[in-house]
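For reference, the structure discussed in these notes is given below.
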Amino acid sequence: MIYSGGRLGAGIPEVDLPSFVLRRARELGEKPALIDGPSGRTLSYGDLERSVRSFAAGLAARGFAKDDTFAIYMPNAPEYSVAFHGALAAGGRCTTANPLSTAAELGRQLADSRARMLLTAPPFLDVARDAAGQAGDPELFVLGKAEGQGEASYAELLGDPEAAPEVRIDPWRDVAAIPYSSGTTGAMKGVMLSHRNLVANLVQAAGVHAFSAEDVVIAVLPFFHIYGLSVIMNQGLLSGATLVTMPRFELESFLDLLERHRVTRALVVPPIALALAKHPSVASRDLSALRHIGCGAAPLGAEIARAVQARIGCSVTQGYGMTEASPVTHLVGPAFTAEKPGSVGPPLPGTECRLVEPDTGVDVGSGGRGELWIRGPQVMLGYLGNPDATAAMLDEDGWLHTGDVAVVDEDGWFTIVDRVKELIKYKGFQVAPAELEALLITHPEVADCAVIGIPDDEAGELPKAFVVPVGDSLDPDAVTAFVAEHVAPHKRIRALEIVDAIPKSPSGKILRRLLRDRAAV
């Protein structure tokens, strides 16, 4: 059975992403578009539009052209939007990297995406240099002042806005963004999102999401992640809202900015929602301007949603999506009156869904559990340079196999209840067990291993390793430290248990269910 979000009332404009997102920028003029939370530095809509054209002109003057890749490796700041849209306006595509990535991780992403240029911030310069050296030395630029080795500054990238290149963009075929995702399993892969994918999803979400020019939005979720990039940054700018950026989440600073800027909309992840529900610091704050809190990236429990709503006094809803879907497929917006905490809502307009029994491929009906399949204009073009992974994720009929198990009620509202895939969601970030297992097995004292996610109230899930030692002298702390040296903080092993053997099927597949049962005891 196919569940539909209905027809998309507005058409999808045949236009490139920057032109669509910034279409009202000149009209909005001096209205603040982006405010740097820590410093208060403000970029107006007029300045943003001019800066994007200036950035595109500067890139073109350096030889950056159609289909070249520009990489951004830095935390949220107003210039993030300038660089992202400027690279696209120059005809290129942008890959966004986690600022907590190690040099090895960043180097792989730069090489895989064939990045020609890389923009970073001073605190991340050493890692950026190392990564660039591993990836063919893309040209490196730094936002702000840094004691470097001759790297050019962000300011040196800016050219004459009147000299911005006129580039012909095919919205259907031309890639705009290459965020990286683990998909359903395995190593990180570049997700090719076209201009049309991203524009379509903005149009789909706009009627439900409903930012307005009167909104002040806290941009705490990182722009390198598709949630922060599209749902907050691009949707906010499209709507004419004011975005207050944060380089990282710190509760007291977050609450300060909510109060100071009279923030009306907050899009968060479950750990932030949990803090709003339980942390004592929230009680003394004036958050009366907040009228809606949206949650995504990982499931938000019904009880936590109710607790936040009761404490803050505003609506709390959630949605569902994935990088491969640009990202939103289901959404409960502030205008919905149905009270269904825990549900991710109905499909967006223009989106079709199926619930499929993973082992048989048979559709399941209302009340039954099945893998959620998605089809719509927001579904990716495919994985960069990886046709096998694309074929495993996206079938010939255009259905995206999410790997998430859902149920649907009589009203067509969906709730995510489990995962077919083996990904661990730590504070909304994806952690692939296979990646950690491949690293663990290189440790000289590890004979075999497996990694699962174990429940945690704050993080959602924690990566736990089960390790078979080579001898009897394995030091668990040394092994977890070994992993920590090679991965970003969200991928670190948080618990380790020594076992005699890893349970496996006759074909060699790890029987994670047995490990989860063991961990639950």
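What list of ³J(HN,Hα) couplings, whole Hz, do you get for the stretch 286-303 from phi and the Karplus terms 6.51, -1.76, 1.60, once you set θ to phi - 60° and write x for glycine and proline?
For the stretch 286-303, the Karplus curve yields 8, 10, 5, 6, 5, 10, 7, 10, x, 10, x, 6, 7, x, 9, x, 4, 5 Hz.
Tell me the relative contact order for the stretch 152-227 as a rounded percent, counting alpha carbon contacts under 8 Å between residues six or more apart.
Once normalised by length, the contact order is 23 percent.
Check cross-link reach from residue 66 to the aspartates and glutamates: straight Cα distance under 14 Å, and skip same-chain residues fewer than eight apart.
Result set, ordered by chain and number: 16, 166, 170, 174.
Output the relative contact order of the chain, whole-number percent, from Cα pairs under 8 angstrom with separation of 6+ residues.
The normalised contact order for the chain reaches 13 percent.
Got the relative contact order for the stretch 421-503 handy, in percent, Cα pairs under 8 Å and 6 or more residues apart?
30 percent
From the phi angles alone, apply the Karplus equation (6.51, -1.76, 1.60; θ = phi - 60°) to the stretch 6-21 and give each ³J(HN,Hα) in whole Hz, x where the residue is Gly or Pro.
Each residue's phi maps through the Karplus curve to give x, 6, 7, x, 8, x, 8, x, 8, 8, 6, 4, x, 4, 6, 5 Hz.
Send over the Kirkwood Rh of the stretch 267-334, from the inverse of the averaged 1/r over different Cα pairs, rounded to one decimal Å.
Over the stretch 267-334, the inverse of the mean reciprocal pair distance is 12.4 Å.
I need the fraction of alpha carbon pairs in the stretch 229-382 separated by more than 18 Å, rounded to a whole percent.
63 percent
By what distance, in whole Å, do the Cα atoms of the stretch 69-122 stretch along each of the three principal axes, largest value first?
Taking the Cα atoms of the stretch 69-122, the three principal extents are 29, 23, 13 Å.
Per residue, how much accessible area does the chain have with a 1.4 Å probe, in Å²?
Computed with neighbouring chains in place, this is 40 Å² per residue.
Out of the total accessible area of the stretch 160-303 (probe 1.4 Å, heavy atoms of protein only), what percent is carbon and sulfur? Could the numbers behind the result be given before it?
On the way: 2540 of 4840 Å².
Ligands and nucleic acids excluded, carbon and sulfur reach 53 percent.
So what's the projected area for the stretch 159-282, the Cα convex hull averaged over all directions, in nm²?
Computing the convex hull of the Cα atoms and averaging its projections yields 10.8 nm².
Starting from the amide H of residue 348, placed 1.01 Å from N in the peptide plane, find each other amide H under 5 Å away whose residue is 5 or more places distant or on another chain.
330, 331
How many nm separate the modelled label positions at residue 155 and residue 352, each set 7 Å beyond the Cα in the direction of the Cβ?
Each label point lies 7 Å from its Cα, and together they span 5.5 nm.
Would you please name the GluC sites (Glu not before Pro) within the stretch 298-365 that are DSSP coil residues with at most 10 other C-beta atoms within 10 Å of their C-beta?
339
Just to check I understand the Karplus step: with θ = phi - 60° and J = 6.51 cos²θ - 1.76 cosθ + 1.60, what whole-Hz values come out for the stretch 125-132, glycine and proline as x?
5, 4, 5, 4, 4, 4, 5, 4
How much of the accessible area of the stretch 322-367, probe 1.4 Å, is carbon plus sulfur, in whole percent?
Numbers: 930 of 1690 Å².
Within the stretch 322-367, the accessible surface is 55 percent carbon and sulfur.
Suppose only helical runs count, i.e. DSSP H with n ≥ 4. What mean residue ellipticity at 222 nm does that imply for the chain under -39500 (n - 2.57) per run, divided by all residues and rounded to the nearest 500 deg cm²/dmol?
Calculated from helices alone, the mean residue ellipticity at 222 nm is -8000 deg cm²/dmol.
What is the percent carbon and sulfur in the accessible area of the stretch 1-83, measuring with a 1.4 Å probe over the protein chains and ignoring ligands?
Using a 1.4 Å probe with all protein chains present, the stretch 1-83 comes out at 51 percent carbon and sulfur.
Spin-label point model (7 Å from Cα, Cβ direction): what's the residue 509 to residue 283 distance in nm?
It works out to 5.0 nm between the two label points.
Taking a ≥ b ≥ c as the square roots of the Cα gyration tensor eigenvalues, with a/c under 1.5 meaning rounded and otherwise prolate when a/b beats b/c, else oblate, which class fits the stretch 30-163?
On the way: a/c = 1.83, a/b = 1.31, b/c = 1.40.
Because a/c hits 1.5 or more and a/b fails to exceed b/c, the stretch 30-163 counts as oblate.
Under a 5 Å amide H to amide H cut-off, with H placed in plane at 1.01 Å, what residues pair with residue 297 once short-range neighbours are removed?
321
Is the shape of the stretch 4-89 rounded, prolate or oblate, going by the alpha carbon gyration tensor and its root eigenvalues a ≥ b ≥ c, with a/c under 1.5 for rounded and a/b larger than b/c for prolate? Write out the running numbers ahead of the final one.
Numbers: a/c = 1.69, a/b = 1.18, b/c = 1.43.
Judged from the Cα gyration tensor, the stretch 4-89 comes out oblate (a/c at least 1.5, b/c at or above a/b).
Please give every one of the lysines within straight-line cross-link reach of residue 421, meaning a C-alpha to C-alpha distance under 27 Å, and leave out same-chain neighbours fewer than 8 residues apart.
Once the sequence-local lysines are set aside, what remains near residue 421 is 189, 340, 464, 491, 504, 509.
Please work out whether the chain counts as rounded, prolate or oblate from its C-alpha gyration tensor, where a ≥ b ≥ c are the square roots of the eigenvalues and a/c under 1.5 means rounded, while otherwise a/b larger than b/c means prolate and anything else oblate?
Values: a/c = 1.42, a/b = 1.19, b/c = 1.20.
Rounded shape, in that the Cα axes give a/c under 1.5.
For residue 278, go through the lysines and keep the ones whose alpha-carbon is under 17 Å away, minus same-chain ones fewer than eight residues off.
Candidates past the 8-residue exclusion: 427.
Rounded to the nearest 5, what % of DSSP beta bridges with both residues in the chain are antiparallel?
Taking every DSSP beta bridge with both residues in the chain, the antiparallel ones total about 55 percent.
The values are calculated or read from the model by the stated rules, or taken from the named source; none is laboratory data. Predicted model only: the values in this text are computed from it and were never measured. Reconstructed Cβ throughout: ideal geometry from the backbone, glycine too, with neighbour counts over all protein chains shown. We work out accessible area using only protein heavy atoms, side chains counted, and drop any ligands, DNA or RNA first. Shrake-Rupley method; radii C 1.70, N 1.55, O 1.52, S 1.80 Å.
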